[in-house]
1. Identify all residues within the range 178-226 that are among the polar types (S, T, N, Q), farther than 15 Å from residue 291 by Cα and either surrounded by fewer than 16 Cβ atoms within 10 Å (Cβ to Cβ) or within 20 Å of the chain's Cα centre (by Cα) (or both); write none if there are none.
2. Could you please let me know if residue 72 is more than 12 Å from residue 283 (Cβ to Cβ), within 24 Å of the chain's Cα centre (by Cα) and modelled with pLDDT under 95?
3. Can you confirm whether residue 29 is closer than 18 Å to residue 190 by Cβ, of a type in the set (Gly, Ala, Ser), part of a helix (DSSP H, G or I) and in contact with a helix residue (DSSP H, G or I) (Cβ under 7 Å, 6 or more places away or on another chain)?
4. Can you tell me which residue within the range 150-167, out of those that are assigned to a helix (DSSP H, G or I) and surrounded by 15 or more Cβ atoms within 10 Å (Cβ to Cβ), is modelled with the lowest pLDDT?
5. Within the range 211-231, which residues are touching a Phe, Trp or Tyr at 6+ places or on another chain (Cβ under 7 Å) and either over 26 Å from residue 97 (Cα atoms) or modelled with pLDDT under 95 (or both)?
6. Only one of (1) in contact with a Phe, Trp or Tyr (Cβ under 6 Å, 6 or more places away or on another chain); (2) touching a residue at least 60 places away in the same chain (Cβ under 8 Å) fails for residue 125. Which number is that?
7. Which numbered condition in (1) within 29 Å of residue 47 (Cα to Cα); (2) modelled with pLDDT of 95 or more is the only one that residue 93 fails?
8. Quick check, is residue 79 more than 19 Å from residue 287 (Cα to Cα), at pLDDT 95 or above, among the hydrophobic types (A, V, I, L, M, F, W, C) and surrounded by 18 or more Cβ atoms within 10 Å (Cβ to Cβ)?
Amino acid sequence: MRQRLEFIVVLVLVRALGALPRSWARAIGAGLGALIFALTGRLRRTGECNLQIAYPESDAAWRNRTLRQLYRNLGLHLAEFCQMSHYTPESTRSFIRYAGLEHYLAARDRGRGVLVVTGHLGLWELSSFYHSLMGYPMSMVIRRLDNPLVDRLVNGIRCRHGNTVLHKDDFARGLLGAMRRGDTVGILMDTNMTPPQGVFVDFFGTPACTASGLARVAMRTEAAVLPGFLTWREEERKYVLEFGESLELVRSGDDEQDMVTNTQICTTAIEAWVQRYSEQWLWVHRRWKTRPAGEPSLYS
């Protein structure tokens, strides 16, 4: 019963915001973001802690402003997700553009598959959707939502233009198959993990347990690996889906050490993007929750 009620609430929200003019939906989303900022003290404390870890020289006013902007971005993310079903290549031309598409096309044309290093920065849901809308369907590695009805609804929107989902509980086999077919797969690599699926690499100068699956698959298949993010550019008043150049991974013959080194290379790329758009990253996630043996928790 609870799952059905949750589904009805989400369905009504998606349809209500989706039926509004986009400007109205974004205004409501921004308002919801501000409201949630005021109500979620625990998440704000996590965000404050994370910002102090990443930017120890920052002051309280900057951290508060960054978190406010993040919540506004999350509200806009909700609004855009509810609107996405109505998007067409023509309708999105005024507010989304590509940058670095040539990097993606060169990686794809190698024919060995493409692994897109990405994270919870900007509008991550819109990034893969827009890429498929423009004729480049891809797969996404995601965690199943706890509510299967909501999971089905959300995936129906994500996959409207040919995208597919690979679930984390069986993603290794799916990734290998996708690379053999020369497909593209996006992997969110900026969430806290636990060993053995995760290894410790530096993220903003602090060890962070990070998924190593992408590095393992890339080393095994020789797939191209490149970063890709969709972020808001205030100076243009547009979202930009930007692909960076392919990352040069290390293959020394020591597979375990190479896996750690290559996971660090991917994480460093993510950090560079977060540095550029710090107010758009998901600071309220406990990124440094898992600690190396013997180290105390960084969160109270």
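1. 184, 212
2. No, not satisfied.
3. So residue 29 does not fit the description; no.
4. The residue in question is 150.
5. Residue satisfying the conditions is 213 alone.
6. Condition not satisfied by residue 125: (2).
7. (1)
8. In short, yes.
The values are calculated or read from the model by the stated rules, or taken from the named source; none is laboratory data. From a predicted model like this one, the values you see are computed outputs, not experimental measurements. For neighbour counting, all protein chains shown are included, and Cβ atoms are generated from backbone atoms with ideal geometry for every residue, glycine included.
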